[in-house]
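Trainee: Dropping a structure here in structure tokens format, bear with me for questions.
The values are calculated or read from the model by the stated rules, or taken from the named source; none is laboratory data. Since the model is a prediction, treat every value here as computed from it, not as a measurement. In this analysis, Cβ positions are derived from the backbone assuming ideal geometry, glycine residues included, and neighbour counts consider all displayed protein chains. Side chains are part of the model used for accessible areas, which takes the heavy atoms of the whole protein and leaves out ligands, DNA and RNA. Shrake-Rupley method; radii C 1.70, N 1.55, O 1.52, S 1.80 Å.
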Amino acid sequence: MKESLKKYLEYLDSDEEFSFKVRMDAEWDDDAYQEFIRLTMAVINDYKDDYLVPVPVALFFATGLKQLTGMVTNPLFFKTASPEYEALVRRRVAELEDLQQQFLSGELFARS
């Protein structure tokens, strides 16, 4: 197991995991989001030449992303939010959906 996957799995089991934090705190922490994306992309980059996708990463793109975006696009999520906060979250959701499309199309795994 590569170090990036080991760190990703430790992260998934922690209270710092992004989707867990969103679910528990009902708020978007952009620093936590960026750390989550950094860890996810590190795994993808480390495994792109191995012709395999670690299951936890595949599960995020197959089901977890939809659950996450469903939570943060619910109108109640923005009930007391500023317009700037809502714009940030919606921009990040668009980024996640773009990443999902790149994942499903295989574009994320293209070798440079």
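Trainee: Only one of (1) of a type in the set (Lys, Arg); (2) more than 14 Å from the chain's Cα centre (by Cα); (3) surrounded by 14 or more Cβ atoms within 10 Å (Cβ to Cβ) is not met by Arg92, so which one is it?
Mentor: Only one criterion in (1) of a type in the set (Lys, Arg); (2) more than 14 Å from the chain's Cα centre (by Cα); (3) surrounded by 14 or more Cβ atoms within 10 Å (Cβ to Cβ) is unmet by Arg92, namely (2).
Trainee: I need a count of the residues in segment 23-40 that are of a type in the set (Asp, Glu), under 16 Å from Phe77 (Cα atoms), free of Cβ contacts under 8 Å to residues at least 12 places away in the same chain and assigned to a helix (DSSP H, G or I).
Mentor: Within segment 23-40, residues that are of a type in the set (Asp, Glu), under 16 Å from Phe77 (Cα atoms), free of Cβ contacts under 8 Å to residues at least 12 places away in the same chain and assigned to a helix (DSSP H, G or I) number 1.
Trainee: Could you please find all residues in segment 66-82 being of a type outside the set (A, V, I, L, M) and open to solvent by 100 Å² or more (accessible area, probe 1.4 Å)?
Mentor: Lys66, Gln67, Pro75, Lys79, Thr80
Trainee: For segment 67-112: of the residues being not hydroxyl-bearing (Ser, Thr, Tyr) and not in a helix (DSSP H, G or I), which is nearest to Arg23 (Cα to Cα)?
Mentor: Asn74
Trainee: Further, regarding this structure: Please tell me if Phe20 is in contact (Cβ under 8 Å) with a residue 24 or more places away in the chain and not β-branched (Val, Ile, Thr).
Mentor: no
Trainee: I'd like to know if segment 43-51 contains one or more residues that are closer than 16 Å to Leu12 by Cα, part of a helix (DSSP H, G or I) and of a type outside the set (Lys, Arg).
Mentor: The answer is yes; a qualifying residue exists.
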